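**Student:** Just dropping this structure here.
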Amino acid sequence: CAVELQREMIARSAAIPAQRRLEFRMGINVGDIIIEEGDIYGDGVNIAARLEALAEPSGICLSAAAHEQVRDRLDITFDDLGEQQVKNIARPVHAFAVRLGPRAGACPWQGTGGPHAGGTPAFQATPLPLPDKPSLAVLPFQNLTGDAEQEYFVDGMVEEITTAIARLPWLFVIARNSAFTYKGKPVDVKQVAQELGVRYVLEGGVRKAGNRVRITGQLIDTTTGAHIWADRFDGALDDIFDLQDQVASNVAGAIEPKLRQSEIERASRKPTANLTAYDLYLRALAQSYRYTEEGLAEAVVLARQALATDPSYAPAAAMVGWCRALQRVQGWGELSADDIAEVVRLARQALDAERDDAETIWQAAYTLFFFAGEVAIAAAAVDRALALNPNAAHAWLIRGHIHALRNQPDAAIEAIERARRLSPFDPYAFFYAFQIAVAHLAARRFEQLIEGADRALHDLPRLVSAMRFKVVAYAHLGRLDEARAELGRVLAIDPKLTIAGYREYAHWAAPEVLELLVTGIRLAGLPE
């Protein structure tokens, strides 16, 4: 009520000379009161009166008790004024000021030395509309080193991070020059969102102790104020530029899946009647992350719906093939020749149409590798994806997968570990452990293969591909009883599996890797 009243008063007074305006101060508190003969007494009232005196003209102050009730429930920004010693109150009062938003039609901070005095206005009359894809601003990081000469390092860090994130074509990233207008000024992320027209803000700081430096970052959804991601990075100042590259790469890689997940949650809340191809794609992505038979089937349906909405939408075209590959890996449902022809056609279509999106390119590449055996084309496409975005964790994962199956275990492990470092909280985390196991198979390190497969199965107990590789490892180690027991678990999920069928299924493997697989699974007793 106070906010609405003050906004309306400010709007109505905008055309009136300052000396003739009627301006109120308001104080709000929550506390015990005494009602006596039509009047009220007590600390609840007294503190509210002192808060009113602290407020700016046309402003609102509230106590910590009142702030606690509303801080996450209203679309209002608060400035923390800290502890205030006030008249006739024995203890300090923790006060908060309401920052009135753009509906006021005029800015109460202007000319008062407020957050943007002498610089950018505190808000614009009309907030910028959000773009039609996820939008992000990387704000200047705080230099907490205590050394003004390190300012160039802090600014360089932000520039590197901005450049790395801007490589993601599905993301709208505010240019560095615009974001740097906030340098040296206290900012509110909701205000930044309105002024720059973004949904997400990345902010951080840099501290130094001796020759060591710590860089922290946090990603915030400005629509809810929620922290989506936060991390810190430690390193030595000996080679500042290498450290900048490392942090920029890690930040860009780590926040990508978090942004995707946030966008998926947003799309899932939209009414079905208003879904675009992008929304349908996000819902398909969410279903694929479930990694269940029903989830993958639904993902294919949603991706096809996206293509029906926009036949040229390359991310959906590539996703159909990725989901079909996962279905076949698990033995979930029969794929006809027409199904396989469709996914190969869609993968080629996606590669032809999409020249910039690393996610689309690696999915299409994997489809061609898995279903068409086009190793050289797939490897070249993955290289192109990584040239476009060196921080694309999934592209590194698929590069490692192809290396492992083509009998190049050391290159495979290097690529997969890089992928895992870029995306430590990935929805496909179980794949990382499994692909390490595949690399150990190529290197004939069967004990390590079992360890990697077990880690994958811990996260996803019905990952039948990991079970199959465990069968092979047990068999080559001479542990045939364990191999047969594991094969029984495989056949419970994929009862139609045979040696001939597996040899046809694994046509993408290098001959020596294929023979390791077939020999091991035959020793375990799989029928021809």
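The values are calculated or read from the model by the stated rules, or taken from the named source; none is laboratory data. Predicted, not measured: the structure shown is a model, and the values here were computed from it. Note that we place each Cβ from the backbone using ideal geometry, even for glycine, and neighbour counts take in every protein chain shown. Accessible surface areas use protein heavy atoms only, side chains included; no ligands, DNA or RNA. Shrake-Rupley method; radii C 1.70, N 1.55, O 1.52, S 1.80 Å.
**Student:** Only one residue in 473, 500 is under 29 Å from residue 375 (Cβ atoms), of a type in the set (Gly, Ala, Ser), in a helix (DSSP H, G or I) and more than 37 Å from the chain's Cα centre (by Cα), so which one is that?
**Tutor:** Working: 473 fails: more than 37 Å from the chain's Cα centre (by Cα).
When all the criteria are applied, what remains is 500.
**Student:** Exactly one of these conditions fails for residue 442: (1) out of contact with any Leu (no Cβ under 9 Å at 6 or more places or on another chain); (2) open to solvent by less than 10 Å² (accessible area, probe 1.4 Å); (3) among the small types (Gly, Ala, Ser); (4) within 26 Å of residue 477 (Cβ to Cβ). Give me its number.
**Tutor:** That leaves (1) as the condition not met.
**Student:** Given (1) assigned to a loop (DSSP other than H, G, I, E, B); (2) open to solvent by 10 Å² or more (accessible area, probe 1.4 Å), identify the lone condition not met by residue 509.
**Tutor:** (2)
**Student:** Still on this structure: Return the pair list, or none, for Cβ contacts closer than 8 Å from residues in region 279-305 that are farther than 14 Å from residue 260 by Cβ and open to solvent by 40 Å² or more (accessible area, probe 1.4 Å) to residues that are part of a helix (DSSP H, G or I) and not small (Gly, Ala, Ser), at least 6 apart or on different chains.
**Tutor:** Partner pairs satisfying both residue conditions: 290/296; 293/327; 293/330; 297/327; 298/287; 304/320; 305/280.
**Student:** Taking the condition assigned to a loop (DSSP other than H, G, I, E, B) and either closer than 23 Å to residue 372 by Cα or touching a helix residue (DSSP H, G or I) at 6+ places or on another chain (Cβ under 9 Å) (or both), does residue 484 pass?
**Tutor:** Details: assigned to a loop (DSSP other than H, G, I, E, B): no; either closer than 23 Å to residue 372 by Cα or touching a helix residue (DSSP H, G or I) at 6+ places or on another chain (Cβ under 9 Å) (or both): yes.
For residue 484, the condition - assigned to a loop (DSSP other than H, G, I, E, B) and either closer than 23 Å to residue 372 by Cα or touching a helix residue (DSSP H, G or I) at 6+ places or on another chain (Cβ under 9 Å) (or both) - is not met.
**Student:** Yes or no: residue 372 out of contact with any Leu (no Cβ under 6 Å at 6 or more places or on another chain), modelled with pLDDT of 90 or more and surrounded by fewer than 21 Cβ atoms within 10 Å (Cβ to Cβ)? Give the steps one after another, and end with the answer.
**Tutor:** Values: out of contact with any Leu (no Cβ under 6 Å at 6 or more places or on another chain): yes; modelled with pLDDT of 90 or more: yes; surrounded by fewer than 21 Cβ atoms within 10 Å (Cβ to Cβ): yes.
Judged against the criteria, residue 372 is a match.
**Student:** Further question on the same structure: Give me a count of the residues in region 481-498 that are over 15 Å from residue 331 (Cβ atoms), among the aliphatic types (A, V, I, L, M) and surrounded by fewer than 19 Cβ atoms within 10 Å (Cβ to Cβ).
**Tutor:** Count: 1.
**Student:** Looking only at region 306-331, filter to residues that are open to solvent by 10 Å² or more (accessible area, probe 1.4 Å) and among the polar types (S, T, N, Q); which one of those is nearest to residue 467 (Cα to Cα)?
**Tutor:** Selected residue: 327.
**Student:** Taking the conditions exactly as written (without any contact (Cβ under 8 Å) to a residue 12 or more places away in the chain, in a helix (DSSP H, G or I), surrounded by fewer than 24 Cβ atoms within 10 Å (Cβ to Cβ) and basic (Lys, Arg)), does residue 345 satisfy them or not?
**Tutor:** Details: without any contact (Cβ under 8 Å) to a residue 12 or more places away in the chain: yes; in a helix (DSSP H, G or I): yes; surrounded by fewer than 24 Cβ atoms within 10 Å (Cβ to Cβ): yes; basic (Lys, Arg): yes.
Answer is yes for this residue.
**Student:** Report every pair of residues separated by at least 6 positions or lying on different chains whose Cβ atoms are under 7 Å apart, first residue within region 21-47 and in contact (Cβ under 8 Å) with a residue 12 or more places away in the chain, second in a helix (DSSP H, G or I) and open to solvent by 80 Å² or more (accessible area, probe 1.4 Å).
**Tutor:** 30/69
**Student:** Here's another thing I want to ask about it. Quick one: in region 40-53, which of the residues that are open to solvent by less than 80 Å² (accessible area, probe 1.4 Å) and of a type outside the set (A, V, I, L, M) is farthest from residue 68 (Cα to Cα)?
**Tutor:** Of everything passing the filter in region 40-53, 42 is farthest from residue 68 (Cα to Cα).
**Student:** Any residue at all in region 353-361 that's open to solvent by 50 Å² or more (accessible area, probe 1.4 Å), farther than 28 Å from residue 444 by Cβ and touching a residue at least 60 places away in the same chain (Cβ under 8 Å)?
**Tutor:** The answer is yes, given that some residue of region 353-361 is open to solvent by 50 Å² or more (accessible area, probe 1.4 Å), farther than 28 Å from residue 444 by Cβ and touching a residue at least 60 places away in the same chain (Cβ under 8 Å).
**Student:** Assuming residue 339 fulfils every condition listed in (1) open to solvent by less than 10 Å² (accessible area, probe 1.4 Å); (2) within 22 Å of residue 378 (Cα to Cα); (3) at pLDDT below 95 apart from one, which condition is it?
**Tutor:** (1)
**Student:** Moving to a separate point now. Please note which helices (runs of 4 or more DSSP H) are completely contained in region 150-214 and include at least 2 residues that are β-branched (Val, Ile, Thr) and surrounded by 17 or more Cβ atoms within 10 Å (Cβ to Cβ).
**Tutor:** Numbers: elements: 151-166, 176-179, 189-196.
Passing ranges, in order: 151-166, 189-196.
**Student:** Of all strands (runs of 3 or more DSSP E) completely enclosed by region 1-102, which ones contain at least 2 residues that are under 26 Å from residue 223 (Cβ atoms)? Please lay out each step first, then the result.
**Tutor:** Details: elements: 26-28, 34-36, 39-41, 60-63, 77-84, 93-99.
Ranges flagged: 60-63, 77-84, 93-99.
**Student:** I'm trying to understand the selection: among the residues of region 59-78, which are modelled with pLDDT of 80 or more and not hydroxyl-bearing (Ser, Thr, Tyr)?
**Tutor:** 59, 60, 61, 62, 64, 65, 66, 67, 68, 69, 70, 78
**Student:** Have a look at 56, 23, 8, 37 and point out the one that is over 12 Å from residue 95 (Cα atoms), open to solvent by 70 Å² or more (accessible area, probe 1.4 Å) and at pLDDT below 80.
**Tutor:** Working: 56 fails: at pLDDT below 80; 23 fails: at pLDDT below 80; 8 fails: at pLDDT below 80.
37 is the lone residue from the list that is over 12 Å from residue 95 (Cα atoms), open to solvent by 70 Å² or more (accessible area, probe 1.4 Å) and at pLDDT below 80.
**Student:** Within the set of pairs 6 or more residues apart or between chains, which connect a residue that is under 13 Å from residue 229 (Cβ atoms) and open to solvent by 50 Å² or more (accessible area, probe 1.4 Å) inside region 257-270 to a residue that is modelled with pLDDT of 70 or more and of a type in the set (Gly, Ala, Ser) with Cβ atoms less than 9 Å apart?
**Tutor:** 261/286
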